[in-house]
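Q: Take a look at this one; I'll ask things after.
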């Protein structure tokens, strides 16, 4: 569509007739992200009042939300091996103009520092100690205890900038960095917590029908503390929760992203943002269909 036609449509957004507005809104949303710069320019330069600006903001958000839905759905089908990309897509729900390259650069700095310390002769525990030293001591990452339920804890860009996170976001960052170096640390979906399992195919099975074996567990929320299956048993006992195999075994990246979205829903419920709650539930449903 020509720029003049787009501008003509945008001018009609000021029409008081709701039916006309709805038709124009549908048309602009169908045009996708190419129309966003035109809408932003009109919001900035036209002086048609708050109602006009609100309508533009709503249309831009709808377009951007549709993009996130499409990309997250595609990730659920074709990209689940890339956990970082999944986290970036969720962050783009709140931060549509997110600089992806900056996220990759921030993580690469940590990865490089770890790579300089690793060698083939190290044991599994020694590798974990190196990650702990670089991530928590050199780069200064820590658990966000004061603002535990803040939604920012679930957005990877905020975690990297603040160097603080919740159990799942710190575990995801830890796992991404570890797996980059071939260290098999994988997420475990514990009730009311999230930890990592160090997978080792030479260990005894945790359950007879599973080909997944775990050497030990790591808790990134406690600065990478290492513990055993017995301590997972004790944790579940304290919560009065019956042990299930899935509480001890690595989960899929789709399950991890669903847990992230669950956390965000809970965070926004505490803040009273009903519109965000519904949208995040919609994103979760998308992943559930793919799983």
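Q: Just to be sure, is residue 131 in the same structural domain as residue 196 (by TED's automatic domain parsing) and buried (at least 18 other Cβ atoms within 10 Å of the Cβ)?
A: For residue 131, the condition - in the same structural domain as residue 196 (by TED's automatic domain parsing) and buried (at least 18 other Cβ atoms within 10 Å of the Cβ) - is met.
Q: Considering only segment 17-48, how many residues are farther than 11 Å from residue 59 by Cβ, at pLDDT below 90 and surrounded by 14 or more Cβ atoms within 10 Å (Cβ to Cβ)?
A: 2
Q: Just the residues that are surrounded by fewer than 21 Cβ atoms within 10 Å (Cβ to Cβ) and in contact with a helix residue (DSSP H, G or I) (Cβ under 7 Å, 6 or more places away or on another chain), please, taken from segment 173-182.
A: 176, 180, 181
Q: Taking only segment 75-104 into account, find how many residues are closer than 20 Å to residue 258 by Cβ, at pLDDT 95 or above and in a helix (DSSP H, G or I).
A: 13
Q: Follow-up question, since we're still on this one. I need the full set of residues from segment 139-177 which are in a loop (DSSP other than H, G, I, E, B) and in contact (Cβ under 8 Å) with a residue 60 or more places away in the chain, in order please.
A: Listed by number, the residues that qualify are 149, 150, 155, 166.
Q: While we're looking at this one, here's another question. Considering only segment 57-68, I want to know if a residue exists there that is touching a residue at least 40 places away in the same chain (Cβ under 8 Å), buried (at least 17 other Cβ atoms within 10 Å of the Cβ) and over 25 Å from residue 5 (Cβ atoms).
A: Scanning segment 57-68, I find at least one residue that is touching a residue at least 40 places away in the same chain (Cβ under 8 Å), buried (at least 17 other Cβ atoms within 10 Å of the Cβ) and over 25 Å from residue 5 (Cβ atoms), so the answer is yes.
Q: Do you know which residues across segment 217-245 are farther than 27 Å from residue 123 by Cβ and either surrounded by 14 or more Cβ atoms within 10 Å (Cβ to Cβ) or touching a helix residue (DSSP H, G or I) at 6+ places or on another chain (Cβ under 6 Å) (or both)?
A: 236, 243
Q: Of the residues 109, 146, only one is more than 19 Å from the chain's Cα centre (by Cα) and over 25 Å from residue 265 (Cβ atoms); which?
A: From the options 109, 146, the qualifying one is 109.
Q: Yes or no: segment 82-105 includes at least one residue that is free of Cβ contacts under 8 Å to residues at least 12 places away in the same chain, touching a helix residue (DSSP H, G or I) at 6+ places or on another chain (Cβ under 7 Å) and either under 30 Å from residue 35 (Cβ atoms) or exposed (fewer than 14 other Cβ atoms within 10 Å of the Cβ) (or both).
A: Yes: one or more hits.
The values are calculated or read from the model by the stated rules, or taken from the named source; none is laboratory data. Model, not experiment: these values are computed from the prediction. We place every Cβ from the backbone using ideal geometry, glycine too, and count neighbours over all the protein chains shown.
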